[in-house]
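Have a look at the structure below before the remarks.
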């Protein structure tokens, strides 16, 4: 129930402050597990992807957010905690468990928010999940969220947001988690409008 209430309220807020357009949503599998791999420009990104996707998504959020009422809400929205700045095997195991159960996991391949228009270094976590689970990866490029909610801002600026979904692909033949994550990041930024 909480999920649908928040989903509806977020849709209303989006209409007021960040109307969004989606492209190539036919690339999103309608059933089965997959990893939704995105660039990361703003704290608004998981919110936008949650209302843009035709599937309910699960995502990692920093463990500091899981205190009090916010943690209660995040848990019911499909979020689970991750310790940033270290290899959190517990979070990876939880993600693999959810993928095994047919869910969708959203992961930001760069690990943290990008500064400027250039991609950051791909973190190995996305490659690890993709290779260990064997599920397909759907790349998505989100644009405009860093204008609506820029770094350091406490409230929204009005602006349009865009999300472009790429075709599902596999990284099962990658030689390492780092290589797999690099491939995923390349696929994400290949969806970026030119010039970017």
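The values are calculated or read from the model by the stated rules, or taken from the named source; none is laboratory data. Predicted model, so just to flag it, every value in this text is computed and none were measured. Here the Cβ positions follow ideal geometry from the backbone for every residue, glycine too, while neighbour counts run over all protein chains shown.
The single condition among (1) buried (at least 17 other Cβ atoms within 10 Å of the Cβ); (2) modelled with pLDDT under 95 that residue 181 does not satisfy is (2).
Tell me which residues, restricted to segment 1-31, are under 14 Å from residue 55 (Cβ atoms) and either in contact with a helix residue (DSSP H, G or I) (Cβ under 6 Å, 6 or more places away or on another chain) or surrounded by 13 or more Cβ atoms within 10 Å (Cβ to Cβ) (or both).
3, 7, 22, 25, 27, 28, 29
Within segment 104-125, the only residue that satisfies the criterion of being within 21 Å of residue 78 (Cα to Cα), over 11 Å from the mean Cα position of the chain (by Cα) and at pLDDT 90 or above is 125. Summed over segment 99-116, residues that are farther than 21 Å from residue 185 by Cα and crowded, with 17+ Cβ neighbours inside 10 Å total 1. Scanning segment 26-40 for residues that are over 22 Å from residue 100 (Cα atoms) and in contact with a strand residue (DSSP E or B) (Cβ under 7 Å, 6 or more places away or on another chain) yields 39, 40. Among the residues of segment 71-84, are any in a loop (DSSP other than H, G, I, E, B), touching a helix residue (DSSP H, G or I) at 6+ places or on another chain (Cβ under 8 Å), surrounded by 13 or more Cβ atoms within 10 Å (Cβ to Cβ) and in contact (Cβ under 8 Å) with a residue 60 or more places away in the chain? Checked segment 71-84: at least one residue is in a loop (DSSP other than H, G, I, E, B), touching a helix residue (DSSP H, G or I) at 6+ places or on another chain (Cβ under 8 Å), surrounded by 13 or more Cβ atoms within 10 Å (Cβ to Cβ) and in contact (Cβ under 8 Å) with a residue 60 or more places away in the chain. A search for C-beta distances below 8 Å between a residue of segment 17-35 that is touching a residue at least 12 places away in the same chain (Cβ under 8 Å) and on the phi > 0 side of the Ramachandran plot and any residue that is surrounded by 14 or more Cβ atoms within 10 Å (Cβ to Cβ) and outside any loop (DSSP other than H, G, I, E, B), counting only pairs 6+ apart in sequence or on different chains, returns 24/164; 24/165. Restricting attention to segment 124-156, the residues that are free of Cβ contacts under 8 Å to residues at least 24 places away in the same chain and more than 15 Å from residue 39 (Cβ to Cβ) total 4. Within the option set 59, 18, being closer than 16 Å to residue 149 by Cα and modelled with pLDDT under 95 holds for one residue only, 18.
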